[in-house]
Structure formats: structure tokens, C-alpha cells
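Here's the structure, in C-alpha cells; my notes come after.
Here, each number is a calculation from the coordinates, and none is a lab measurement. On a predicted model such as this, the values are computed, not experimentally measured, just so you know. In this analysis, Cβ positions are derived from the backbone assuming ideal geometry, glycine residues included, and neighbour counts consider all displayed protein chains.
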Amino acid sequence: MRDITVPKLNSNDDSYILLEWLLPDGDTVPEGTPVAVVETAKAAEDLPSPHSGILHRLVKEGTECRPGEVIGRLFTDEDERLRYLSAPPAARAGDQDVEIVLTEPARDLVARHNLSMDMVRRLGKTIVSRADLEPLLAGGGTPPADSATIARHTPSRHQQAVADVVTRSHREIPAGYAVCKVIVDAALAAARQATEQDGYVVGLTELLVRAVAGQHSEFPVHFATWTDGGDVMLSDAPSIGVTIDVGTGLFVPVLRDANQLSLRAVAEQLLAARMAAMRGEFRAEDLRGANIGVALAEDPIVLAQPMILPPMVAMVSLGARQQEPCLGPDGGLTARSFVYVGLCYDHRLLNGRQAGLFLAALRDALQTPEGLRRLTT
């Protein structure tokens, strides 16, 4: 008999939700076959079977599971599984179909603090006393039933993960921030032309992603990442994380090898990412591995300082488009469009001058005819 345990899927989560078992009890499972789906704070992830064998599920769907927790078992044959099922309950503590006996004081504690039986079952005991339950209360349970009623808001698991990343960013990264103004009339015209000619929707976001990717060879430190040992690692190619929030939470899917992507490929990948965000279809692999980020703001936000997402050292921001009066070629009054493009940078590696040069390169790419030709071809 071998255990199926929950792996550590990312560094931000201490627990996951077992969303679905993909196979029923008693099925023969080849090694590497996905047997369950768990939800992290950011994505859903298949759990492959670590060995071949006959499946026996220990944990119910919808249960919270921690890394290292046993959620199922694999038996070498049906006889071994039947011997296990016929064993006394004490030999199968932790199994979801084993009856748990609560002492009277323990039942009172469960009722007063609304402890779930899943939490009790994971103690691994068939007879549970009040002393067994007290450590659960120290880790946080629900308020006693007779406590005062208070309006409460509990952030979603995904929002809690965002909070953890933001807290880490504030704690670890001494960030600087610089902003430049970019006139975007020519860029908007180029985007409209690409949309009309090739039949895929292009906007300033897609052009900015291409512009950022194009700076990789000239500004390699902006695309660096910190290692666990505290060293700085330069990247072979730009992998750009782009913030997406369509009302289902903040996600940062990654466009890998972005300097090899055409404008159309960037547009198609961003569209697919927006659809995945709406449908909740991101996998963990879609959200890891960025070495620079692009943070998008929507009207009415014209200027916002983003968080640098560890282990990255830089994050580009794009504000909502604005208009301002200006003199036209004939000397008359007209209007032009502009945006603020910012760079939040890790001051341990980058200084203001390097940030200014990087922003100037982005401005030239988005504002000059030569720069726009490179972005659209």
C-alpha cells in the first residue's frame, strides 16, 4: 500500500481545496495518471498518481488539504484493498468512511466553535477528546455560537494569496518608481491598422508588451530575478507577466519568450488569458516564471504604482488613456492622446538613471515611426 500525498504546489499557499476526484474508488491507476484536481489560491492543478495501483480515496471533495497530507492510497491488488477495508476502524483512522466517536466535552466544543468534522477527522483518531480539539482552536476556528453577531468579510483564498505577495513585496523590496508621458496617437493608429488588416484586436497593451520584450538585450538587469540564495540571475529571454483582472481576482499569466512573439501572437495569448481568467481555467504553470511584469490600469486610473512581484526586480505600469489640448500642424487648437508609462524597480539593483533610460526606450518604441514599425512587423 502506498500513499497519495498533496505536494507543495507553490510557495504562497499553506493549504489547498480538493475540488474533484477524477477516478472512482477501486479503479486501477497507471503511474502518472491524474487522479484529483486541487485548487490553489491562483489556479487549479491536476495531481498525478505517484505510483500505479488500485485507488482508494480518503478525503472528500471540497475538503481543505495541506501539503504532505495523505488524501488517498494505492494498493497493489484488490485483495490488499479488501483486507484494508475489512480492518478495524482504528487501523484506518483518517479514512472518510470511518466513524469518529466524540466524548461529551468534545461534542460541546465542536458545537460551540462550529468545528467541521473534516477538521476533526484529520486528527487521525477514532475517539476524540476535548484535549485533542484544543489545538484546532488555537489555529483559528469560527467564533462561538453565543458570541456577539458582527458583520464580517472574509477575503477569498485567491485574495489572501494576493495579500501575501503584496506583504512580501513591501517587506523585502525597497522600491523606486519613475514615470514618463507617452503621446500615443501614432500608436493607436498603428493598432487600428493592424486590427483592420489582420482581423485580430490590438491595443496599447499588446504594443507595450512588444516594446518591453524588445528591451531585453539592452537592459538585461531589468529582466533579472532573485534566487532563494540571494543571488541575482539574468534571464536568457523575456518572460512577461501581465496583470489581468476581469472581476474573478487578480492573475498574472506569463508570455514566455516574448521577444519571439509576433504582435498577433501577443494579442492571441492575452485574449486566451482573459478567457481563462473568466472561466477559472488557469493552471499553476500558466502563472509562474515571469522575469518582468506589466501592470494594467483602467479608466479612471491614470497613474498607479504597481507592486514588484518577487522574485522579479521590475514592473512596468500602463495608465488609462487621456487627452489634452495641443497645437496642430496648422497652428490651430486640437487634441492628442497620451498615457503615463511607469517603472517600479528594485533599488537594490537599479537606480533612477537606469529606470529613466528604460522608460525612454519604451517611449521611443511607442511614439516614433521607427519604433512602431518594429512593434507591428
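Just a few scattered comments:
- Percent of Cα pairs in the stretch 273-312 per distance bin of 5 Å, from zero to the largest separation: 6, 18, 18, 21, 24, 12, 2.
- FRET efficiency, 1/(1 + (r/R0)^6) with R0 22 Å, evaluated for residue 166 and residue 302 via beta carbons: 0.55
- The chain: relative contact order in percent, alpha carbon pairs under 8 Å with at least 6 residues between: 15 percent
- Gyration tensor (alpha-carbon) shape descriptor, the stretch 172-290, a/c threshold 1.5: oblate
- Alpha-carbon gyration tensor eigenvalues x 5, square-rooted, for the stretch 1-68, Å: 20, 12, 10
- Helices meeting the span-like rule in the chain (full DSSP H runs, Cα extent of at least 15 Å along the helix axis, mean Kyte-Doolittle score of -1.0 or higher): 185-198, 263-279, 352-367.
- Computed helical MRE - 222 nm, the chain, DSSP H runs ≥ 4 contributing -39500 (n - 2.57), nearest 500: -9000 deg cm²/dmol
- On the basis of the beta-carbon distance and an R0 of 22 Å, residue 51 and residue 15 show a calculated FRET efficiency of 0.35.
- With 5 Å bins beginning at zero, the pair-distance distribution over Cα atoms of the stretch 238-347 amounts to 2, 11, 17, 19, 19, 13, 6, 5, 4, 2, 1 %.
- Taking all pairs of distinct alpha-carbon atoms in the chain, Kirkwood radius in angstrom: 24.3 Å
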